[in-house]
Amino acid sequence: MFKIIFLNIIITFLFAEHLITPIPIKISYNKEKALLGKELFWEKKLSPDQNMACIDCHNLLSNKLEKKKLLNKEKKLILSTPTVLNAIYNYKYFWDGRVGSLEEQVKETLTSGFLAKGKKKTFMSLLEAKYKNKFEKIYKDGYLFKNIVNALVEFQKVLVTPNSKFDRYLRGDKLALSEDELTGYEIFKTRGCIACHNGVNLGTNSYSKLKIVSAYKGCYGKIKNTQKYLFLKVPSLRNVSLKGSYFHDSSIVKLEDAIQGASTLALKRRLTIEDIGYLVLFLKTFTGDKPEILKEMINVK
């Protein structure tokens, strides 16, 4: 198994530059369903105790992205919240990659809590008064659980941040990056960062071996782990300079420290202060445009 993983890393390193692609400027989606999903994303009745919405963990409005931390029963930090921005381009979902689509991700998040206790009827009745008519106007089969899932998926599909400086460079605008940013790009490739951070999301398509001290808890569910190590998904570097913390456990708060830590852990090498400076400049070119669907928030309660 480890020989196969090592071989994949070598192949990726050799050809990764050709696998990096820009985020598409336009995406196909149903606007009515996405706007309904947007409303549900702020809906606290989706949680068992009716006091936490998706937005409470997945911060879409602040400049500091995804700062919410997931805790176990002992209130011990285990995992940070994965971003849902550009999630449509993920290969797998959740930190352990246990599901393969946005639909499965939304369904499991909902059913691992409220519905896991057999309270589907209660769940649907809590939302019915507010949403039944809205669903009947948009969906032919009306107010059903599968359509709640679909609306949330449709909303996540458009949470994309295209047109970053690096995307423009990848599309052929060779003046999009400065000389220093291009130096950072060369370091990114030659030092090996690109072996794990590639693809449209500059990550999320491979896994890294990390030491885990105990089980970790998701939104309403948990994965039991008795192993000393676990393979967790490599995070996306999209909008990385806007994040408030780094690594799977949010243990690092400065981007410079995160770069050095990643190099030390994954590549077994320390970078010079100069190299880190260039890499910071390059990573800032991954910041894209704000999703169109989030530009007007006034009607969301």
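Just a few scattered comments:
Matching residues to (1) surrounded by 14 or more Cβ atoms within 10 Å (Cβ to Cβ); (2) of a type in the set (Ser, Thr, Tyr); (3) modelled with pLDDT under 80:
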{"site": "LYS217", "(1), (2), (3)": "yes, no, yes"}
{"site": "GLY221", "(1), (2), (3)": "no, no, yes"}
{"site": "LYS228", "(1), (2), (3)": "no, no, yes"}
{"site": "ARG238", "(1), (2), (3)": "yes, no, no"}
{"site": "ASP249", "(1), (2), (3)": "yes, no, yes"}
{"site": "LEU255", "(1), (2), (3)": "yes, no, no"}
{"site": "ARG269", "(1), (2), (3)": "no, no, no"}
{"site": "ILE276", "(1), (2), (3)": "yes, no, no"}
{"site": "LEU294", "(1), (2), (3)": "yes, no, no"}
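- Looking only at the range 15-50, residues that are small (Gly, Ala, Ser) and either at pLDDT below 90 or exposed (fewer than 12 other Cβ atoms within 10 Å of the Cβ) (or both) come to 3 in all.
- Residues being among the polar types (S, T, N, Q), crowded, with 18+ Cβ neighbours inside 10 Å and over 19 Å from TYR89 (Cβ atoms) are entirely absent from the range 164-176.
- Among the residues of the range 142-166, those identified as touching a helix residue (DSSP H, G or I) at 6+ places or on another chain (Cβ under 7 Å) and in a loop (DSSP other than H, G, I, E, B) are GLY142, TYR143, VAL158, LEU159, VAL160, SER164.
- Evaluation of GLU104 against (1) touching a residue at least 40 places away in the same chain (Cβ under 8 Å); (2) surrounded by fewer than 20 Cβ atoms within 10 Å (Cβ to Cβ); (3) touching a strand residue (DSSP E or B) at 6+ places or on another chain (Cβ under 9 Å) (one fails), failing number: (1)
- Residue-level check: of (1) of a type in the set (S, T, N, Q); (2) surrounded by fewer than 13 Cβ atoms within 10 Å (Cβ to Cβ); (3) touching a residue at least 12 places away in the same chain (Cβ under 8 Å), THR109 misses just (2).
- Conditions (1) polar (S, T, N, Q); (2) within 24 Å of the chain's Cα centre (by Cα); (3) at pLDDT 75 or above; number of the one not met by SER125: (2)
- The one condition from (1) surrounded by 14 or more Cβ atoms within 10 Å (Cβ to Cβ); (2) among the acidic types (Asp, Glu); (3) modelled with pLDDT of 95 or more that ASP96 does not meet is (3).
- Selected residue (criterion: modelled with the lowest pLDDT) from residues of the range 167-212 that are more than 22 Å from GLU256 (Cβ to Cβ), part of a loop (DSSP other than H, G, I, E, B) and in contact with a strand residue (DSSP E or B) (Cβ under 8 Å, 6 or more places away or on another chain): ILE212
- Residues of the range 90-108 that turn out to be within 11 Å of GLN156 (Cβ to Cβ) and part of a helix (DSSP H, G or I), as a count: 4
The values are calculated or read from the model by the stated rules, or taken from the named source; none is laboratory data. Every value quoted in this text rests on a predicted model; they were computed, and no experiment measured them. A quick note on method: Cβ atoms are made from the backbone with ideal geometry, for glycine too, and the neighbour counts reach across all protein chains shown.
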